[in-house]
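Q: Pasting a structure below so you can have a look.
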Amino acid sequence: TVFAKNMTDANAERTFIAVKPDGVQRGLVGEIIKRFEQRGYKLVAGKLMVAPKALLENHYKDLADKPFYSGLVTYMASGPVFAMVWEGKEVVKMGRKMLGATNPRESAPGTIRGDYCIDVGRNICHGSDAVETAQREIALWFKDDELCDYEFADKKWVYE
Ligand code: UDP
Ligand code: MG
């Protein structure tokens, strides 16, 4: 039916989420994955990698004129990051809510940043800020064949 088709498309939004080097070092990869899994989102891709500086400079290019930019790139290159793609209804907006505010001291308790970190320059996770940004970031971090195409078994229990 038309309804089923529309529902399927709306539920296929994707976002790029990464556990930053401090999050990896602090053993928070599993916790962050767990929150997206338990919310009902579908994991489409994931990999641990030390990101090349050129990739990070491109990823954060909109912030190139900020005073914290070079420190940000150095921080992000300081160890492995766990890069992921998550899929589901409004996952870009919901992912940002689940992460919390950029400054962890303004992140509500119950959010990832609001529960696990303190300083803005050590805020443990990244999430795309818009659907178009997500598309750019997914293409930057992942090859097409790294995105897994499969049917999510929980789908009919998560979506009405
Ligand atoms: N950042 C920082 N100092 C600032 C603002 C941002 O170190 O004053 C870092 C922080 O790690 C943040 C990243 O730069 O997550 C990207 O900034 P953005 O404004 O895009 O925040 P985000 O989208 O990550 O919430
Ligand atoms: Mg951002």
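The values are calculated or read from the model by the stated rules, or taken from the named source; none is laboratory data. All of these numbers come straight from a predicted model, not from anything done at the bench. Ideal geometry is used to build each Cβ from the backbone, glycine not excepted, and the neighbour counts take in all protein chains shown. Note: accessible area is taken over every heavy atom of the protein model, side chains too, but ligands, DNA and RNA are not part of it. Shrake-Rupley method; radii C 1.70, N 1.55, O 1.52, S 1.80 Å.
Q: Specify whether the C-alpha gyration tensor of segment 14-108 places it in the rounded, prolate or oblate class, a ≥ b ≥ c being the square roots of the eigenvalues: rounded for a/c under 1.5, otherwise prolate if a/b is larger than b/c and oblate if not.
A: Cα axes put segment 14-108 in the prolate bin.
Q: Next question. Helix 29-39: angle to the longest alpha-carbon principal axis of the chain, degrees 0 to 90, nearest 10?
A: Around 30 degrees separate the two axes.
Q: If you don't mind, there's one more thing I want to ask. Which value, to two decimals, describes the C-alpha radius of gyration of segment 14-57 once divided by 2.2 N^0.38 Å?
A: On the way: Rg = 11.7 Å, N = 44, 2.2 N^0.38 = 9.3 Å.
Ratio of Rg to 2.2 N^0.38 Å for segment 14-57: 1.26.
Q: Report the label-to-label distance for Cys148 and Leu63 in nanometres (one decimal), using points 7 Å from each Cα along the Cα→Cβ vector.
A: Once both label points are built, they end up 2.9 nm from each other.
Q: Quick one: give the max-minus-min coordinate of the C-alpha atoms of segment 76-160 along each principal axis, largest first, in Å.
A: That gives 38, 33, 22 Å along the principal axes, largest extent first.
Q: Beyond 30 Å between alpha-carbons counts as too far, so tell me which of Lys66/Lys89; Lys47/Lys97; Lys66/Lys155 fall in that bin.
A: On the way: Lys66/Lys89 33 Å; Lys47/Lys97 23 Å; Lys66/Lys155 41 Å.
Table pairs above 30 Å Cα-Cα are Lys66/Lys89; Lys66/Lys155.
Q: Can you give the Kirkwood hydrodynamic radius of the chain from its Cα pairs, in Å with one decimal?
A: Its Kirkwood hydrodynamic radius stands at 16.2 Å.
Q: Something else about it: Counting DSSP beta bridges with both partners in the chain, what percentage is antiparallel, nearest 5?
A: Of all bridge pairs located within the chain, approximately 95 percent are antiparallel.
Q: How many angstrom separate the Cα center of segment 120-152 from the Cα center of segment 8-76?
A: For segment 120-152 versus segment 8-76, the Cα centre distance is 7 Å.
Q: Another question, if that's okay. Relative contact order for segment 71-160 using alpha-carbon pairs under 8 Å, separation at least 6, rounded to a whole percent?
A: Reported relative contact order: 22 percent.
Q: Ok, one more. Of the accessible area of segment 1-121, with the probe set at 1.4 angstrom, what percent is carbon plus sulfur? Spell out each step's value before the answer.
A: Working: 3450 of 6200 Å².
Of all accessible area on segment 1-121, carbon and sulfur atoms account for 56 percent.
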